[in-house]
Amino acid sequence: MTEGNGHVIDPAGEARRALQAVVAAHGTQALSNPVIMDEICRERLGGLPGEAILIGTAARSDVPVLLRERIGREGTYGAIQSVAATLAQAHALDLAACLWVVREFARALGFVASGGTQPTARAGSGPVSGAGGLTDRDDAMPPGGAAPPGGPAGGVPAGGVPAGGVPPGGAAPPGGSAGGGPGGGVPGGGVPAAGPVPGRSPGGWVPSRNVLGIAAAIALVAVYLGVAAAAHVSPFLAKTVASSTSQSQGNVGNSSPVGSPDPAPDPDPDPDPTPPSPFDTLLNMIPSNVQGTSNNCSNDGTAFGATAVADCTGLQGLAATAIIYYLFSDTSALSKGFSAFLTKSDFPASAQSCTTNNQFSDFITNCRNTYTSTSPATSGSIAEYIDKDNDPVIVSTDNKQLVMAVLIGTNDENLLAYWQPLQWINS
């Protein structure tokens, strides 16, 4: 697929294979886990930063859940279009890029049949135009050049089109004419205008000049893309592909040489963005009113098994005067980090429940519980205690985003009221 700016997305199928590897190793639920997806992108897609950012954004937006919700009422491909439009609008992304990443998530989830891993070229029944001959469909032309459904039984002969465009047995020497005599064919080694090709029975199928020309155009585009991919040209510009295809179209049906080569790519392209770091991923989960306008949140390294820590202090207008966020790689690390933090904070091993009539209605010193929220949809653990400075503290986890937050305030009831609607983290 080609993005709106002309960049060919995932030309060698590396991103598709990375998604399949994640599902094979962790199950389909990993596609909704931004930490796992960011990690696999860093490991396997270092040379595809744009694709890595799209995959991370799709995971943080929980594309698998959106697809499952919409497929029942919109159908598979309707749901893919709808979710891609939602993703593009929510994150100001290119729609074509969003269509690619949503379709690849659908493929990894098993909603779309698996197929090839590279954009392919195929011939249609009409002339080639621009980049329209390029598609990333899974029903590409089979090896050997078989004709598309409804076409002649013989299709394009296996092994490709002969150099002169004339089937074996019917070639004429350069500058001569086919058919055995002057005027019997098209000058320059072309296909004879009428009559059987020498060496074939009159009833046999003879490829027309138009079919051979289209096949030659496809071969030219395929060779160009292969050379560009081997040379690591990035990005593949849509206008370059269109130019090559257009030149080929102009030569369909005649023996004139291909025109002048395409202009060289931009010698100074914009650098590709780098994949987000764990700290950047964590910052995306912290509300803007916590980060403030003066960068309240600083990188505090790693602790308690977290991959990133953000220390947000000097908060204004909130019940919490400080919040420390910890990002973990999986639910097991999150649970261990929660317990390790409480142990270091001298939290008692035997703590009472934090709820009253199954509600977090009061701040209860030295209590510990689990919680479940429907809006936003998440779950986790919570503990409440008074620290050594006599300040109320709430420690809680968000299992969906693998984050632990330590909220420190001055008034225990106000702090609990701030925690309850989960305003301390982006859903």
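I'd like to know if the range 390-412 contains one or more residues that are modelled with pLDDT under 90, surrounded by fewer than 18 Cβ atoms within 10 Å (Cβ to Cβ) and either under 21 Å from PRO34 (Cα atoms) or out of contact with any Pro (no Cβ under 9 Å at 6 or more places or on another chain) (or both).
Scanning the range 390-412, I find at least one residue that is modelled with pLDDT under 90, surrounded by fewer than 18 Cβ atoms within 10 Å (Cβ to Cβ) and either under 21 Å from PRO34 (Cα atoms) or out of contact with any Pro (no Cβ under 9 Å at 6 or more places or on another chain) (or both), so the answer is yes.
Scan the range 298-314 and report the pairs whose first residue is under 11 Å from ILE324 (Cβ atoms) and whose second residue is among the β-branched types (Val, Ile, Thr) and buried (at least 19 other Cβ atoms within 10 Å of the Cβ), with Cβ atoms within less than 6 Å and a gap of 6+ or a chain change.
So the pair list comes out as ASP300/VAL309; ALA303/VAL309; ASP311/ILE324; CYS312/VAL290; CYS312/ILE323.
Tell me whether the range 393-403 contains one or more residues that are acidic (Asp, Glu), in contact (Cβ under 8 Å) with a residue 24 or more places away in the chain and part of a loop (DSSP other than H, G, I, E, B).
no
Tell me, please, whether a residue that is under 17 Å from ALA322 (Cβ atoms), in a strand (DSSP E or B) and either touching a residue at least 24 places away in the same chain (Cβ under 8 Å) or more than 43 Å from the chain's Cα centre (by Cα) (or both) can be found in the range 409-425.
yes
Could you count how many residues in the range 376-392 are in a strand (DSSP E or B) and closer than 19 Å to THR343 by Cβ?
Matching residues across the range 376-392 total 7.
Pairs needed: first member in the range 342-363, touching a residue at least 12 places away in the same chain (Cβ under 8 Å); second member anywhere, assigned to a loop (DSSP other than H, G, I, E, B) and open to solvent by 70 Å² or more (accessible area, probe 1.4 Å); C-beta distance under 7 Å; at least 6 residues apart or different chains.
PHE360/GLN420
What's the total number of residues in the range 330-375 that are over 25 Å from LEU31 (Cβ atoms), of a type in the set (S, T, N, Q) and in a helix (DSSP H, G or I)?
Of the residues in the range 330-375, 2 are over 25 Å from LEU31 (Cβ atoms), of a type in the set (S, T, N, Q) and in a helix (DSSP H, G or I).
Tell me the residue from LEU67, LEU93 that is touching a helix residue (DSSP H, G or I) at 6+ places or on another chain (Cβ under 7 Å), part of a helix (DSSP H, G or I) and touching a residue at least 12 places away in the same chain (Cβ under 8 Å), please.
After ruling out the rest, the residue left standing is LEU67.
Filter the range 91-105 for residues that are of a type in the set (A, V, I, L, M, F, W, C) and open to solvent by less than 50 Å² (accessible area, probe 1.4 Å) and give the result.
Across the range 91-105, the qualifying residues are ALA96, ALA97, CYS98, LEU99, TRP100, VAL101, VAL102, PHE105.
Can you pull out every residue in the range 306-320 that is surrounded by 23 or more Cβ atoms within 10 Å (Cβ to Cβ), touching a Leu at 6+ places or on another chain (Cβ under 6 Å) and not in a loop (DSSP other than H, G, I, E, B)?
ALA310, ALA320
For the range 328-368, name all the residues that are over 38 Å from the mean Cα position of the chain (by Cα) and surrounded by 17 or more Cβ atoms within 10 Å (Cβ to Cβ).
Answer for the range 328-368, where residues must be over 38 Å from the mean Cα position of the chain (by Cα) and surrounded by 17 or more Cβ atoms within 10 Å (Cβ to Cβ): LEU342, PHE347, ALA351, CYS354, PHE360, PHE363, ILE364, CYS367, ARG368.
Only residues in the range 318-329 that are over 18 Å from PHE279 (Cα atoms) count as the first member; pair them with residues that are open to solvent by less than 30 Å² (accessible area, probe 1.4 Å) and of a type in the set (Phe, Trp, Tyr), Cβ under 8 angstrom, at least 6 apart or cross-chain, and list the lot.
LEU318/TYR418; ALA319/TYR418; ALA320/TYR418; ALA320/TRP424
Output the residues belonging to the range 288-302 that are surrounded by 14 or more Cβ atoms within 10 Å (Cβ to Cβ) and either in contact with a helix residue (DSSP H, G or I) (Cβ under 9 Å, 6 or more places away or on another chain) or part of a loop (DSSP other than H, G, I, E, B) (or both).
Correct list: GLN291, GLY292, ASN296, CYS297, ASN299, ASP300, THR302.
Considering the range 13-71 alone, what residues qualify as being acidic (Asp, Glu) and either modelled with pLDDT of 95 or more or surrounded by fewer than 22 Cβ atoms within 10 Å (Cβ to Cβ) (or both)?
If the condition is that a residue be acidic (Asp, Glu) and either modelled with pLDDT of 95 or more or surrounded by fewer than 22 Cβ atoms within 10 Å (Cβ to Cβ) (or both), then GLU14, GLU39, GLU43, ASP62, GLU69 are the ones that fit.
The values are calculated or read from the model by the stated rules, or taken from the named source; none is laboratory data. As the structure is a computational prediction, the values presented were derived from the model and not from experiment. Methodologically, a virtual Cβ is constructed for each residue, glycine included, from the backbone with ideal geometry; neighbour enumeration extends over all protein chains shown. Keep in mind that these areas ignore ligands, DNA and RNA; they rest on the heavy atoms of the full protein, side chains included. Shrake-Rupley method; radii C 1.70, N 1.55, O 1.52, S 1.80 Å.
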